[in-house]
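Only one structure is covered here, and it is reproduced in the block below.
The numbers here are math on the coordinates, done by the rules we state, and not lab data. These numbers were taken from a predicted model, which means no experiment stands behind them. Positions of Cβ are generated from backbone atoms using ideal geometry, with glycine treated the same way; all protein chains shown enter the neighbour counts.
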Amino acid sequence: MEEFLKQFFDVGFMADHFGEVLDGFWITTQLAVLSGVLALIWGLILATLRQLPGKTFLPVRFLTIAYIDVFRGIPLLMLILLIAGGIPALEFLPESLRLPQWFGKPDNFWFGVLAITITYGAYMAEVYRAGIESVPPGQMEAARSLGMGHGQAMRSVILPQAVRKVIAPLLNDFVALTKDTTLVSFIALNEVTLVASDIQSETFNSSALTLGALMFLAVTLPLARLVDKLIAREQSRFTRGAPRVEAL
Amino acid sequence: MTALDGSGSMLSLRGVCKRFGKLEVLRGVDLEVRKGEVVCVLGPSGSGKSTLLRCLNLLEPPEEGDIHLEGRSICRGPGSGSGEQSWELDFVRQRVGIVFQQFNLFPHKTALENVTLAQEKVLGRSAAEARENGRRLLERVGLSDKLDEYPERLSGGQQQRVAIARALAMDPHVMLFDEVTSALDPELVKEVLDVMRELAAEGMTMIVVTHEIGFAREVADRVVFMDEGGIVEEGPPADVLASPREERTKKFLGLVLER
């Protein structure tokens, strides 16, 4: 038992390596927040493209659906390896794209952001779609009958209602995304997983990894509670008060 | 554009056809509506009444036939004849207002915001001007004390009156009413019909799809009876409602008036 505790929960060891692990987790946080925001925006763009009306936009809808299906079906790790190994080898690209060093971040950080955004944009597009499709068709008709164009009606009428309904599932995806940033350790980005596992292989003590896991919990547990709260609030909107029934 | 100036044509339909897949919903409808006229459209469910209204503002563009609005053909466009799209969408939507059976108010906006949104986004009015206009219209439909309420806090009758104000805010030349009292509790019907009576008295051109025979008798200049996607009979309410010529009209009125 003592050996078990020393291997995984050595508090003194954790204290000694706290700074290094926290530095790694700071990179993890930056990676998660930046990719998360970009995926939220990219997903919304994809969902909007998917809803464009009429025959004219059939090719756009088709391409969007193909994109979403493909990138939800590919493992994120493979995409990370494809991008990190492939893009630097594309000689026709300028160096600033092949080996991006923007804002003082190394190229593998940006490759991670790109891969996560591509994958989670596809996931989030599906969440947005569920939200858009849950808005009754009469809303679009009312907006169009008042003279708004499709885009205007989307912006002012449909999306505000749709997004409100899917904030909880979007946050869920964000929690999953945060955990999946650990995959970027495979391309040698010194985020928390890589830092902690390096410590593990040097010292044969796993407590640094446990510390990293605890740091994740410090972020993901409050988020999970927040999701529960949001879901409860959304549901109560539809169960409280009788006039609601008539309105639907 | 008063009721007296009844000579000008507001809407003119020639052989309008609408299909949903194989289902023929409208089979060659001809109809003239003059400026300031109130036309009530009666008929059994599935007779094509609602679809007719939705053709008129191009929510469901017709596949065949033509519609003239204030003398201009509105059915021409890139998908002409396919029910796709019209070049005249803006022309139509700026002149034709519609009120729906299910109100379709924007639930994330207050009553006043429902009325101001399209004024600002479509007509480009300033926020102040739109609010002023919105206040005036909501007062006109008897809701000056509900400006900042959200739709879910309003009764069905109140919601429907907001919807009427919202449509009027765009200064339409014609108003379409699609069974606007059918989703209401009986005691709320009158407040909506009263607003429509006032509108009619002010000379608004109106096409009203309704099951309210009493309203049609009292307010309509003309009653149109539809069945199976066509117009069976039309004329002054005194004639059509009191002594219908067609068997189908008689049968329908018999069933409705029996209630």
So if we plug the beta-carbon distance of B:Ser45 and A:Glu234 into 1/(1 + (r/R0)^6) with R0 = 45 Å, what FRET efficiency do we get, rounded to 0.05?
-> 0.80
Given the options A:Thr29, A:Thr181, A:Thr203, state which has the largest fluctuation in a GNM of chain A using a 10 Å cut-off (strictly under) for Cα springs.
-> A:Thr203
Principal-axis tilt of helix A:207-239 within chain A, Cα atoms, nearest 10 degrees = 20
GNM, chain B, Cα, under 10 Å: largest mean-square fluctuation among B:Gly214, B:Gly235, B:Gly28?
-> B:Gly214
With the charge dipole of the protein assembly as shown built from beta-carbon charges (+1 for Lys and Arg, -1 for Asp and Glu) about the Cα centre, the Cα from B:Val223, A:His150, B:Asn57 projecting farthest to the positive end belongs to B:Val223
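Only Lys, Arg, Asp and Glu count, each charged at its Cβ (+1, +1, -1, -1), so figure out the dipole size of the range A:1-118 about its Cα centre, rounded to 20 debye.
That gives a dipole near 1000 debye.
Write down, largest first, the equivalent ellipsoid semi-axes of the protein assembly as shown in whole Å, where each equals the square root of 5 times an eigenvalue of the alpha-carbon gyration tensor.
Numbers: eigenvalues 737, 126, 73 Å².
Three semi-axes, in Å: 61, 25, 19.
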Tally Lys and Arg at +1 and Asp and Glu at -1 over the other residues with C-beta under 15 Å from the C-beta of B:Glu120: what net charge comes out?
-> +3
Antiparallel %, DSSP beta bridges [both residues in the protein assembly as shown], to 5 | 55
Calculate the mean, over all residues of peptide A:46-57, of how many other protein chain Cβ atoms lie within 10 angstrom of the residue's Cβ.
-> 1
Where a ≥ b ≥ c are root eigenvalues of the Cα gyration tensor, a/c under 1.5 meaning rounded, otherwise prolate if a/b exceeds b/c and oblate otherwise, the range A:102-248 counts as oblate
When the convex hull of its Cα atoms is projected in every direction, mean area for the range A:78-168 (nm²) | 8.7
Please report how far the C-alpha centroid of the range A:94-115 lies from that of the range A:1-63, rounded to the nearest whole angstrom.
-> 17
Cα→Cβ-extended label distance, 7 Å offset, between A:Ser201 and B:Ser73, nm = 7.7
Pull up all non-local amide H partners of B:Gly230: gap of 5 or more, or a different chain, and H-to-H distance under 5 Å with H placed in the peptide plane.
-> B:Arg27
Once the dipole of the protein assembly as shown is set up with Lys and Arg at +1 and Asp and Glu at -1 on Cβ about the Cα centre, which of A:Ala47, B:Gly28, B:Thr249 lies farthest towards its positive end?
-> B:Thr249
At R0 = 41 Å the Cβ-Cβ FRET efficiency linking B:Glu218 and A:Leu58, nearest 0.05, sits at 0.25
Segments A:209-219, B:241-251, B:222-232 sorted - mean Cβ within 10 Å per residue, highest first | B:222-232, A:209-219, B:241-251
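Among A:Lys105/A:Lys179; B:Lys190/B:Lys250; A:Lys229/B:Lys121, which pairs are too far apart, with a Cα-Cα distance over 30 Å?
Distance filter (> 30 Å) returns A:Lys229/B:Lys121.
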Residue by residue through the range B:208-214, which ³J(HN,Hα) values in whole Hz follow from phi under the Karplus form 6.51 cos²θ - 1.76 cosθ + 1.60 (θ = phi - 60°), with glycine and proline marked x?
-> 10, 8, 7, 10, 7, 4, x
How large is the dipole of the protein assembly as shown about the Cα centre if only Lys and Arg carry +1 and Asp and Glu carry -1, each at its Cβ, rounded to the nearest 20 debye?
-> 720
Packing rank of B:35-44, B:147-156, where each peptide gets the mean count of other beta carbons within 10 Å, highest leading | B:35-44, B:147-156
Evaluate the distance, in nm, between pseudo-label points positioned 7 Å from the Cα of A:Met78 and of B:Leu123 along their respective Cα→Cβ axes.
-> 5.7
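Is the C-alpha gyration tensor of the range B:205-246 telling us rounded, prolate or oblate? Criteria: a/c under 1.5 is rounded; beyond that, a/b larger than b/c is prolate, otherwise oblate. Can you show the working numbers first?
On the way: a/c = 1.72, a/b = 1.17, b/c = 1.47.
The shape class here is oblate.
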Does chain B come out rounded, prolate or oblate, given a ≥ b ≥ c as the square roots of the eigenvalues of its C-alpha gyration tensor, rounded meaning a/c under 1.5 and, failing that, prolate meaning a/b above b/c?
-> oblate
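From Cα pairs below 8 angstrom and at least 6 apart in sequence, can you work out the relative contact order of the range A:57-163, rounded to a whole percent? Intermediate values should be presented prior to the final figure.
Numbers: 62 pairs, mean separation 28.6, N = 107.
Computed value for the range A:57-163: 27 percent relative contact order.
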Partner chain Cβ atoms within 10 Å, averaged over the residues of B:142-150 - can you pull that number for me?
-> 0
For the protein assembly as shown, calculated [θ]222 nm from helices alone, where every DSSP H run of n ≥ 4 adds -39500 (n - 2.57) | -18000 deg cm²/dmol
Computed over chain B: relative contact order in percent, which uses C-alpha pairs under 8 Å that are six or more apart | 24
How much of the DSSP beta bridge set in chain B is antiparallel, as a percent to the nearest 5?
-> 55
Enumerate the lysines that A:Lys55 could reach by cross-link, defined here as Cα to Cα under 24 Å, with residues fewer than 8 away along the same chain left out.
-> B:Lys18, B:Lys22
If amide H atoms are built 1.01 Å from N in the plane of the peptide, which residues on other chains or at least 5 residues away come under 5 Å of the amide H of B:Val99?
-> B:Leu176, B:Phe177, B:Asp178
